[in-house]
Each structure stands twice: as structure tokens, then as C-alpha cells.
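**Q** Handing you a structure now.
Throughout, read-outs are computed from the coordinates displayed, never taken from laboratory work. In this text, all values refer to a predicted model and were calculated from it rather than measured experimentally. FYI the Cβ positions are ideal-geometry reconstructions off the backbone, even for glycines, and counts take in every protein chain you see.
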Amino acid sequence: MTIEDWRVEIDKIDAELLRLLNARAEIAVRVGESKRVAGLSVLNRGREREVVERARRGNRGPLDGDAVERLFRAVIRESRRLQTQLAAEAQEAAR
């Protein structure tokens, strides 16, 4: 394969990653709504540790464990940001 062929493959994977990240974010929004209704905190360090540890255990490389952890922590941080933002908007709308 040529460099361009490899780049086409990367572009396809990038599109799939984006689709999956947005699907995950949609579910995180629903989880955030459930937390808000139940009066639970957006932050759940135990759950976040579980997600990161599961990703590290499931990693078969070539990314190393630290890279996987950084990537998943960034995804988790964005999910938490979405949940916090939507909770604030719901609180504002309730006023």
C-alpha cells in the first residue's frame, strides 16, 4: 500500500472514532440526566477508575497503557463537562 492508501484507511477510522465518541457522549448525557434526577454528583471517581482500568487491561497495543489512560481520561473529562453543562442548563431552566 502507498502512503495515500494508508491515509485513506486512517481517514475511515477517524470517521468511525468520531461516530463512536459521539454515540458515547449521547449516552453520557442520558447518564447525566439520570444522575441529576437522582440527586447524584456528576463526578464519580470510582467509576472513572473502573473505565480507565478496563481500557488498560483490554489494550493489546501498539499504544502503551499510559497513552490509553490519557485518551480515556480525556473522553471521561469531556463526558463530565457535558453532564455538568446540561445540569446547569436544566437548573437555569427550572428557575
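**Q** Out of all the residues in the stretch 42-84, which are over 14 Å from LEU21 (Cβ atoms) and among the hydroxyl-bearing types (Ser, Thr, Tyr)?
**A** Across the stretch 42-84, the qualifying residue is only THR84.
**Q** When you scan the stretch 47-95, how many residues do you find that are touching a Gly at 6+ places or on another chain (Cβ under 8 Å) and either on the phi > 0 side of the Ramachandran plot or charged (D, E, K, R) (or both)?
**A** Summing the residues that are touching a Gly at 6+ places or on another chain (Cβ under 8 Å) and either on the phi > 0 side of the Ramachandran plot or charged (D, E, K, R) (or both) in the stretch 47-95 gives 1.
**Q** Can you pull out the residues in the stretch 13-65 that are within 17 Å of GLN85 (Cβ to Cβ), part of a helix (DSSP H, G or I) and touching a residue at least 12 places away in the same chain (Cβ under 8 Å)?
**A** LEU21, ARG24, ALA25, ALA28, VAL29, VAL31, GLY32, GLU33, LYS35, ARG36
**Q** Name the one entry in ARG36, ARG45, ARG95, ARG60 that is surrounded by 13 or more Cβ atoms within 10 Å (Cβ to Cβ) and among the charged types (D, E, K, R).
**A** ARG36
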